[in-house]
1. From the set of residues in region 275-311 that are in a helix (DSSP H, G or I) and at pLDDT below 95, which is farthest from the chain's Cα centre (by Cα)?
2. Count, please, the residues in region 78-98 that happen to be touching a strand residue (DSSP E or B) at 6+ places or on another chain (Cβ under 6 Å) and not aliphatic (A, V, I, L, M).
3. Go through region 351-376 residue by residue and tally those that are assigned to a loop (DSSP other than H, G, I, E, B) and under 25 Å from MET186 (Cβ atoms).
4. Given (1) surrounded by fewer than 18 Cβ atoms within 10 Å (Cβ to Cβ); (2) within 20 Å of MET106 (Cβ to Cβ); (3) free of Cβ contacts under 8 Å to residues at least 40 places away in the same chain, identify the lone condition not met by ILE179.
5. Go through (1) away from ligand 2 (no atom under 13 Å from the Cβ); (2) under 22 Å from the mean Cα position of the chain (by Cα) for MET106 and report which single condition fails.
6. Please find, among TYR113, TYR88, TYR131, the residue that is buried (at least 18 other Cβ atoms within 10 Å of the Cβ), assigned to a loop (DSSP other than H, G, I, E, B) and more than 16 Å from ligand 2 (Cβ to nearest atom).
7. If you check every pair at least six apart or on different chains, which have Cβ atoms under 6 Å apart with a residue in region 74-101 that is over 20 Å from ARG267 (Cβ atoms) first and a residue that is more than 11 Å from ligand 2 (Cβ to nearest atom) and among the basic types (Lys, Arg) second?
8. With the requirement that a residue be at pLDDT 85 or above and either within 9 Å of ligand 1 (Cβ to nearest atom) or within 15 Å of ASN389 (Cβ to Cβ) (or both), what does region 324-339 give you?
Amino acid sequence: MQQHFIEQIQHLRGLKEEEKSIAQKVLNGQRINQEEGLFLFEHSDLPFIGLLANHIRQKKHDKRTYFNRNFHLEPTNVCIYTCKFCSYSRRIKKREDGWELDLDQMMDQIKLYDGKPVTEVHIVGGVLPQYNFQFYIDLFKAIKAHRPELHIKALTPVEYHYIFKKAKVSYREGLQAMIDAGLDSMPGGGAEIFDEEIREDIAGGKCTSAEWLEMHEILHELGLRSNATMLYGHVENYSHRLDHMERLRQLQDRTGGFQTFIPLKFRNQNNEMSHLPESTVIEDLKNYAISRIYMDNFDHIKAYWPMIGKDTAQLSLSYGVNDIDGTIDDTTKIYSMAGAEDKNPAMSTSQLIDMIESAGMIAIERDTLYNVIHDYSKEEFSGEEVLVNSGK
Ligand code: V47
Ligand code: SF4
């Protein structure tokens, strides 16, 4: 069977020696190394890489494609940091141009979803002194008191590092307190690119790569799961991407606590790196596919549709991706402010299901931890939508 597969792809086009050996590794379920990953980025074309990535995707998930019903809560877009790629944040000096929600205002947003079939709230925003340790403890407790089953996926090591340092608590103590207050998992943001020189250049001042990884490691040790992202397509090169993936793969070998890897395409509007061109769709698909091949110990690869766009997200399902995030309901501004096509990102559940099914895949609604809520190959969608904010 495997030999047959290689013969087929060799027949389709003359494979290079390196490609044959990479294909053999993939078919044997062996991991590829950074040098081989670099070869794929630099010398292989999309059809070949896509074939390998799709083979892995099918082995792991067959046609199953996951989404969830979620919304975002962004406490503020004012931030003490000045990451060059960030189109979303407003500096403290111009804070009147941004928003800063208090606890009651945040709870009002949570309550908008009362009675709606959402399973997750994704909380992330700028870093500001008043959003301190006690603020988030109170917020998580208030959400759980109001709606205990709503999964709180909140804050990144960037926020936690700042908050814990100010509160003079260790990462372990701080995270444990957040978990006791209601934290259920950690999203993948703030990773950017781990190479220290580039990180310093584009995201100077915030937590280091080592600190980002340490925060996740401790969270995993405390029994929670998290995601990981990689911001690509700006000033980094392919070696930096592989170095980033390698550091994540090594941590995952130790803890197994990551669920999903989410490559994030750099969008170039309204930020300090607007002079850089954006990556092409071919480049985006190659990047998803190589991520799928390289990150062999990650169960899921996610295409975050508000950022990559609905069409590329749908295409990506044939290039290694098996998750397209969720309904969003126009509750995040990070990407619309950075130039993503969709200015008001929201998809109804039926639109998400259609998008997955029209790509020839099976739509599965999951919760944050990938427990299956509905398998739409076995049941009809009930028609109950979650959209509130987008008014659809
Ligand atoms: O860390 C900011 C990125 C991230 C831009 O865990 C940009 O399920 C591209 O991490 N172009 C935050 N990217 C978003 C994030 C996320 C999103 C969806 C799901 C999950 C998850 C996590 O957004 C930041 C940064 O890397 N970002 N500005 C920009 N101009
Ligand atoms: Fe602040 Fe996050 Fe934007 Fe950086 S990416 S400026 S930390 S909001």
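1. Within region 275-311, the subset in a helix (DSSP H, G or I) is 281-294, 305-308, 310-311.
Now drop any that are not at pLDDT below 95, which leaves 305-308, 310-311.
Details: TRP305: 10, PRO306: 11, MET307: 10, ILE308: 11, LYS310: 15, ASP311: 18 Å.
Top of the filtered list is ASP311.
2. The qualifying residues number 5.
3. 5
4. (3)
5. Condition not satisfied by MET106: (2).
6. Just a single option satisfies the conditions, and that option is TYR113.
7. Qualifying pairs under 6 Å: VAL78/ARG95.
8. ASP325
The values are calculated or read from the model by the stated rules, or taken from the named source; none is laboratory data. What you are looking at is a predicted structure, and each value in this text was computed from that prediction instead of being measured. Note that each Cβ is placed from the backbone with ideal geometry, even for glycine, and that neighbours are counted across all protein chains shown.
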